[in-house]
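Read the structure below first, then the notes.
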Amino acid sequence: MKTLRLALASTFAVMAFVGAPNMATASTTTVTPGTTLSATAWETDHDGFSYDSGTVIPSSPGGAYDEYVYRLFDGETLVDVQSTAGYDGLTEAEQTQWYIDAGFAPYEFSWHAFFCLADSVTDPSVGVQSDAGVTLNEVTYFSAEQLFPTASREMAADYQPDLYGPWNTGTLFEVDGYSEEQRSTVGYYATFSWGDLVFATSYVDATCPSSSSLVVAEIHEPGTNSLAVDRELTVPQTLTVEDSVLGEFELDSSGVVIGVTGAAYDLDFNAALWGVTQVDESELSSTGLDVNLGALVAVAAGAVIAGTGILRRRRR
């Protein structure tokens with residue numbers, strides 16, 4: 001596995017991408033049913049990403065690395081609550097080639113619905129359910145580049161207490177009711193004997209009113225019994241969603257927050273961080289993203305052995 005990770009890192013390091021869409025600011029509007037969302041990949045590069053343990057500089061990751069992010073578009077229009085500032089867009093062909101060169105093909109996306117289910121609903125499979133008022137507070141973002149701007153990061157004094165430890169326990173995000181379902185992370189899996197090496201992470205901070213519970217369910221391809229795994233998703237008026245505890249049921253898409261990340265190989269890591277939008281509300285939920293440029297860019301590491309697989313799903 002370590003050999004594969006190093007090979008992937010080398011592959012990403014030599015890949016050259018040409019920017020596709022122009023830079024766009026975060027969206028302040030929602031999308032309507034019938035909109036076709038495209039999960040577009042964006043990238044930026046950083047130099048000198050290595051941790052100094054005090055005696056040994058780890059051989060991986062070393063040198064320059066690329067970070068990747070998904071942003072949701074409707075045609076040429078950004079409909080994501082996060083901007084593309086600081087990133088170069090990949091064309092669809094370049095994005096497809098990226099997965100092939102990284103050994104991820106056939107690549108699968110992972111589309112999720114964030115919504116509030118009334119506690120009075122005991123069997124969601126009976127009838128079409130409605131969101132009880134989800135609020136998208138923020139899509140938070142943390143990265144080593146942001147937390148440790150100098151070239152040398154001391155493993156024990158910096159990385160472990162300030163990034164890895166809080167990420168591992170969920171305290172990094174400073175939210176109530178933390179859940180791994182709402183997190184996406186990019187980095188190296190099990191690089192060192194003590195754990196993983198996190199490049200960047202983002203968290204969909206969505207909350208619910210009283211007498212309802214947040215559900216993070218996987219979305220089916222409209223009109224099918226299969227999970228949506230393609231780059232594009234056309235938002236229907238009625239979503240079919242799947243939850244490991246609640247099972248499969250129908251949900252009115254109005255008000256629902258939709259997120260996309262990548263299906264990958266390890267539960268804790270993804271191919272790219274969340275792309276996020278909201279459906280058919282009169283006004284987009286407050287995200288706090290307009291006051292902090294750092295929060296506008298959810299970033300994903302391209303030199304990563306992507307971790308994806310099936311995310312754990314549970315009702316909270």
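Descriptive notes on the structure:
- Residues whose amide H lies under 5 Å from that of Asp280, counting only those 5 or more places away or on a different chain, are Val31, Thr32, Gly255; hydrogens are built 1.01 Å from N in the peptide plane.
- Expressed as a whole percent, the accessible surface of segment 189-264 that belongs to carbon and sulfur atoms is 44, based on a 1.4 Å probe.
- Modelled label positions at Ala105 and Gln160, each set 7 Å beyond Cα in the direction of Cβ, lie 4.2 nm from each other.
- Cβ-derived FRET efficiency at R0 22 Å, Asn137 paired with Asp45, nearest 0.05: 0.15
- Taking each residue as 0.36 nm, the span from Val229 to Leu147 lengthens on full extension beyond its C-alpha to C-alpha distance by 26.2 nm.
- Long-range HN-HN contacts of Thr91 with modeled amide H, under 5 Å: Val18, Ala20
- Listed residue (Thr171, Ala200, Leu246) projecting farthest to the positive dipole end of segment 106-247, Cβ model: Ala200
- Loop-located GluC sites (Glu not before Pro) across segment 63-106 with a Cβ neighbour count of 14 or fewer within 10 Å are Glu76, with loop assigned by DSSP.
- Residue-count net charge about Asn225 - beta-carbon cut-off 10 Å; Lys, Arg +1, Asp, Glu -1: -3
- Alpha-carbon centroid distance for the pair segment 136-171 / segment 73-108, whole angstrom: 25
The values are calculated or read from the model by the stated rules, or taken from the named source; none is laboratory data. Fair warning: this is a prediction, and the values are worked out from it, not measured in the lab. Virtual Cβ from ideal backbone geometry, glycine too; neighbours counted across all protein chains shown. All accessible areas refer to the heavy atoms of the entire protein, side chains included, with ligands and DNA or RNA removed. Shrake-Rupley method; radii C 1.70, N 1.55, O 1.52, S 1.80 Å.
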